[in-house]
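Enquirer: My questions will all concern the structure given below.
Nothing in this text is a laboratory measurement; each read-out follows from the coordinates by a stated rule. All figures in this text were calculated on a predicted structure; none of them were measured in a lab. Glycine gets a Cβ as well: all are built from the backbone with ideal geometry, and neighbour counts include every protein chain shown.
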Amino acid sequence: MTLVALLGDPWLGSLLGCPAYHVPSSMELLSPEMLPSGAAFVDAKVGVKHLKKLHHLEQLGFRLIDTNLQLRCQPRFVSDGVSEGCRLARAEDEDQVTAIAAQSFEVSRFHLDTKISNVLANRIKAAWAKNFFAGQRGDWMVVAEVQGKVVGFLQLLQGQDQSLIIDLLAVAPSHRGKGLARAMITHAANTCLGVSGTMQVGTQVANIPALKLYLDLGFRVERAAYVLHLHL
């Protein structure tokens, strides 16, 4: 079997207050000697068919946090919807978007991890969205406005082969159930996506409302992976 080195994540480590690492997806074997010797956070993704890898990581102390689903669709499934009230984000939207991100996630892998407080999990999501305005993550952001106030946002990445990846999607709790998430995805499909491209998204099995939305828009599951965390 092939031994691999952990991949450092300074950004996540700065928020968690300890070094953070990812186990590469190409991992075949992670030996105990390769784990950090001091306080650290390590995460890993393992395809749902690779139970031997899952059990190996569990023996090293990793804990199963969630199951991630990767979905994809053709733009024609979503491009005909209504996107009124949606536009591309501007610099002055930063504070409103950051505030939404800090209060709108409940079942992210950080929120599901009982060793990470909700306060810290919210801070991670807020910093994630804030990175868009700093030019550090994301190629586009769509926002939804109601009476001149930003109440939702959709952060997007440019993938390979003209694909469009949904990176973050959030609607303020007081404005959910009004079709705003669907509207922002429609706007993204019409504004940011190439003619021959596809849309991709990852979500947690625990996030049933999001999963229902994506399936209703025409997304189909391509693959699934277990997500594990290790706290040292």
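Enquirer: Mind checking which of R176, R87, R63 has the largest fluctuation in a GNM of the chain, springs on alpha carbons under 10 Å?
Expert: Of R176, R87, R63, the Gaussian network model singles out R176 as fluctuating most.
Enquirer: For a quick check: with amide H placed at 1.01 Å from N, whose amide H comes under 5 Å from V146's, ignoring anything fewer than 5 positions away on the same chain?
Expert: V151
Enquirer: Now for a different question. Neighbouring Cβ atoms within 10 Å as the yardstick, rank W140, W128 fewest first.
Expert: Starting with the residue having the fewest Cβ neighbours, the order is W140, W128.
Enquirer: Placing +1 at every Lys and Arg Cβ and -1 at every Asp and Glu Cβ, with all other atoms neutral, what dipole size does the chain have around its Cα centre, in debye to the nearest 20?
Expert: 420 debye
Enquirer: Next question, about the same structure. Report the gain in length on full extension from S25 to L157: 0.36 nm times residue separation, minus Cα-Cα distance, nm rounded to one decimal.
Expert: 45.5 nm
Enquirer: Run through every distinct alpha carbon pair of segment 7-67 and return the Kirkwood hydrodynamic radius in angstroms, one decimal place.
Expert: 12.3 Å
Enquirer: Taking the chain as a Gaussian network, where each spring joins two C-alpha atoms under 10 Å apart, which residue of L169, L215, L180 fluctuates the most?
Expert: Comparing L169, L215, L180 in the GNM, the peak value goes to L215.
Enquirer: Taking square-rooted eigenvalues a ≥ b ≥ c of the alpha carbon gyration tensor, is segment 8-131 rounded, prolate or oblate, where a/c under 1.5 means rounded and, failing that, a/b exceeding b/c means prolate?
Expert: oblate
Enquirer: Once a ≥ b ≥ c are taken as the square roots of the eigenvalues of the Cα gyration tensor of segment 142-224, is the result rounded (a/c under 1.5), prolate (a/b larger than b/c) or oblate (a/b not larger than b/c)?
Expert: oblate
Enquirer: Another one. If I stretch the segment between Q74 and L60 completely, what's the gain in nm (0.36 nm per residue apart, minus their alpha carbon distance), one decimal?
Expert: 1.0 nm
Enquirer: Using 1/(1 + (r/R0)^6) with R0 = 25 angstrom and r between the beta carbons of R90 and S14, what's the FRET efficiency to the nearest 0.05?
Expert: It comes to 0.40.
Enquirer: In the chain, what is the volume of the convex hull around the alpha carbon atoms, normalised per residue and reported in Å³?
Expert: Hull volume over Cα atoms, normalised by residue count, gives 126 Å³.
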